[in-house]
Amino acid sequence: MRRSGRPSLRRRQDVDTPDSGGMTRLGRKTAETGINFTNTTRFSRGLTFTRTHTLCGQSPTRRIIPQTSLLQENADPQKIAFLLRKQWTLYSVTPMYKFSYGNLKEYSRLLSAFVATEKQKGLAVEVGNDLGIKVILSTLLGLRGTDQDQAAILVQIALRSQLPFENAEDKVVWSGWFCCISGDDLSESVPEDFTCLSLFLANGAESYTAIVGSWFQKTFDCYFSRLTISPLNLAWMAAMWTGCKVDSYMAATELVFSVPCIPQSLDISYAIHPEDAKALWDTVQKTPGEVTQEEVNLFMDCLYSHFYRHFKIHLSATRLVKVSTSIASAHCDGNIKILHSKHLIGVLTLLTELAISQIQ
Amino acid sequence: MSLVRPFDKLPTLNSAVILLVGTDERRQQQLAEAILKEKKNFKINIHVATSLPLPAERDHVRPRIDLIAFMINMQSKHSLRNVEASLSHIDANFFLGKVCFLITGVGRMNHCSVEMNAVRKLGNLYCSPVLFCELDSEGIRAATAQRLLRMLQICAGHVPGVSALFFSSLMKSSIDE
């Protein structure tokens, strides 16, 4: 049989590189590491994806602020107070396979052993010497938005105290917690055996975070990735958190912008009196309980034009890197600090939404 | 304030003029150099401006502009506002295919200050093609220069049988909403 001389036509596949996973360098060395260029031809073609509310990579046009976003009654106030006023690093977690709430003690034991062996790697220790690392996994009650949400899990690494006292307390050196507030979109679309705890917050040494993360990744076949916050989402946070009602204003509303300059980047910090910011937001917001993209843009434009009038600097040409309000403060690298327990659920809902959109 | 009009001057033989409008002068220069490096068989004039309107004093010296490319950087809201303000200084006849939007900076999603909806709405409102390109990368810059050159040839009327009005087919998506 004679083979035809025509070359075979192959359809060119779109290489869709995800933002967080592999890195594609486009053949040019850049000063910064970790630049991910996503393939953007899909935007040109205007393809629409069949997702309920957002297209790929876009922020929603409106967000509803739930009015009854209080902690549920069975929340432990001491544990909740432990979560506040601490700097947490954010990660997004893919759904975990075969995670069961009944086996928390077993997981604690396994994780303690793992952390101990990882810490001892490379060190010569006598057999039977106990480094005194204890890992405790417990559930955090009350941190859920809807009834479909899974209960939050708190992981703590404590070093057994060296003091000879009977009731000396163990020192907690690292804490991390998983939670998922109003993550209905994701939890409805995953099969039975998966647990959706999409948001992970860690406080403490980076080495412990890496060890705990790798254990969870190996045991439950999930993937942790750093949750970075884009300037768009930071602007949303600035607008939404300024609009929250607070009894007493602790701190000024502060926005930090980064100006790309050579040789070193310049940081501009813009602090606004919280009551003034709230007054401005009240004039912008039309429907209470709902925030639209136009309102956020208008709010930020007002702040930018005020700054321009005084300093002749276009803040809209810079990049927003940090937002601090009386409620919470967020940094674009994925660090967050929550200050009020009343607004904890609201903040976590927004962060869960960002985590889920990063996973998908 | 003078409007930029597409047909009020006579065209010059075998040449075409493109106007690049955008706030980032460095990127404009790089793109202009990439366009000039491309192989072409007609004379090309590249005009560069940060915003419109163009100064009226030099209007009589300026040749007829065949294609206007607005450059928007997704990482700077200022560039979007600047382009939106400049769009009102163009005669409406330009929007029959002689305007296009070049969007850069989408690749680094963590640094985007402009939302995608705004850019898409801009393209729909002004019936002009929106080209996403990463002008920081040399390869994509060369590819964009080639695309612009081809569009410029068509806008200047150098390609028989094809007119700038056909560019509206670039904006129709295969899945009609």
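So what is the relative contact order of the stretch B:64-117, in percent, for Cα pairs below 8 Å that sit 6 or more residues apart? RCO, the stretch B:64-117: 52 percent.
Using alpha carbons only, how many degrees (0 to 90, rounded to 10) separate the axis of helix B:116-125 from the longest principal axis of chain B? Orientation of helix B:116-125: about 30 degrees from the principal axis.
On the beta carbon distance between B:ALA92 and A:ARG160, with R0 = 56 Å, the FRET formula returns roughly 0.15.
What is the extension gain from A:ALA271 to A:ASP147, computed as 0.36 nm multiplied by their sequence separation minus the C-alpha to C-alpha distance, in nm to one decimal? The span from A:ALA271 to A:ASP147 would gain 40.7 nm if fully extended. Remark: spin-label model distance A:ASP282-B:ARG147 equals 4.8 nm, labels positioned 7 Å along the Cα→Cβ axis. Between the helical axis of B:138-155 and the longest alpha-carbon principal axis of chain B there is an angle of about 40 degrees.
Judged by the mean number of other Cβ atoms found within 10 Å, the most tightly packed of the peptides B:105-118, A:303-316, A:209-222, B:47-60 leads the ranking B:105-118, A:209-222, A:303-316, B:47-60.
Based on protein heavy atoms only, the stretch A:176-283 ends up with 45 Å² per residue of surface accessible to a 1.4 Å probe. Per residue of peptide B:69-79, the mean number of Cβ atoms on other chains within 10 Å of the residue Cβ is 4. Projecting label points 7 angstrom from Cα along Cα→Cβ for A:ASP170 and B:ASN14 puts them 8.5 nm apart. Once the Cα atoms are used to define both axes, helix B:77-86 deviates from the longest principal axis of chain B by about 30 degrees. The calculated FRET efficiency for the pair A:THR219 and A:CYS302, based on their C-beta separation and a Förster distance of 51 Å, comes to about 0.55. Solvent-accessible surface of the stretch B:41-177, taken per residue with a 1.4 Å probe and all protein chains present: 43 Å². Here's the list of lysines a cross-link from A:LYS218 could span, going by alpha-carbon distance under 22 Å and ignoring same-chain residues fewer than 8 apart: A:LYS98, A:LYS105, A:LYS119, A:LYS121, A:LYS134. The mean number of partner chain beta-carbon atoms within 10 angstrom of a residue's beta-carbon across peptide A:314-322 is 5. For the listed peptides A:227-234, B:126-133, a ranking on the average number of other beta carbons within 10 Å per residue, highest first, reads A:227-234, B:126-133.
Annotation for the B:A interface, with buried accessible surface near 2700 Å², both sides summed [1.4 Å probe; non-protein components not counted].
Legend: mean number of C-beta atoms from other chains within 10 angstrom of residue C-beta atoms, peptide B:111-123, equals 5. The share of C-alpha pairs in the stretch B:1-81 whose separation exceeds 17 Å stands at 51 percent.
Computed over neighbours whose Cβ is under 10 Å from that of A:PRO95, the net charge equals -2, Lys and Arg +1, Asp and Glu -1.
With a ≥ b ≥ c the root eigenvalues of the C-alpha gyration tensor of the stretch A:280-341, is it rounded (a/c under 1.5), prolate (a/b larger than b/c) or oblate? Taking the square roots of the gyration eigenvalues as a ≥ b ≥ c, the stretch A:280-341 is oblate. Largest to smallest in accessible area, the residues A:ARG144, B:ARG64, A:ARG226 fall in the order A:ARG226, A:ARG144, B:ARG64 (1.4 Å probe, all protein chains included).
The values are calculated or read from the model by the stated rules, or taken from the named source; none is laboratory data. Everything numeric here is computed off the predicted structure, so don't read it as measured data. Using ideal geometry, Cβ is built from the backbone for each residue, glycine included, and neighbour counts are taken over all protein chains shown. All accessible areas refer to the heavy atoms of the entire protein, side chains included, with ligands and DNA or RNA removed. Shrake-Rupley method; radii C 1.70, N 1.55, O 1.52, S 1.80 Å.
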